[in-house]
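See structure below.
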Amino acid sequence: MEAGKNAQVTEALMVNARIERQVCGKGSSDAVNRGRAYVDAVADGIMIHSKGKSGDDIKEFCTIFRNTFNKSTPLVVVPSTYNQITEDEFIKWGANIVIYANHMLRSAYPAMLETAKLILENGRSLEADMFCMPIKEILELIPGTK
């Protein structure tokens, strides 16, 4: 049978609501009320966001949300600014998903700058090899090139 013809397809869709109340300077109780409204409406999960560096507001939100409202809705945290907190701590607070949102991009950019600098300084790319993945490994990432 050809793929897609008469095949039974099971799709899963998960709707996560992103709460920015901590970013906007509102407190955890306001964020929890918003989270409750999102879950009551349709959200399958809640992503809580903060620009605070301590993570205290995230801990407070997770604790209140879990203890007073909901024990099962997935809670998503994005520790870009409060990156000293471990995944084990997030789990204790009641978070289920940790998204390292921009760390790969932020770490790649300095390596790209260093590579460009070395090429410009040396008039060739040999000195930049230490920052580069071998071409063979790159090709192995592309389907059909093995």
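Listed by first and then second residue, the pairs linking a residue in region 118-140 that is touching a residue at least 60 places away in the same chain (Cβ under 8 Å) to a residue that is of a type outside the set (A, V, I, L, M, F, W, C), with Cβ atoms under 7 Å apart and 6 or more places separating them unless they lie on different chains, form an empty list. Quick one: in region 1-60, which of the residues that are among the hydroxyl-bearing types (Ser, Thr, Tyr) and either exposed (fewer than 13 other Cβ atoms within 10 Å of the Cβ) or in contact with a Lys or Arg (Cβ under 7 Å, 6 or more places away or on another chain) (or both) is modelled with the highest pLDDT? Here the residue is Ser54.
The set of residues in region 65-79 being farther than 14 Å from Val39 by Cβ and crowded, with 16+ Cβ neighbours inside 10 Å consists of Val77, Val78, Pro79.
The values are calculated or read from the model by the stated rules, or taken from the named source; none is laboratory data. The structure displayed is predicted, hence computed values, not measured ones. We place every Cβ from the backbone using ideal geometry, glycine too, and count neighbours over all the protein chains shown.
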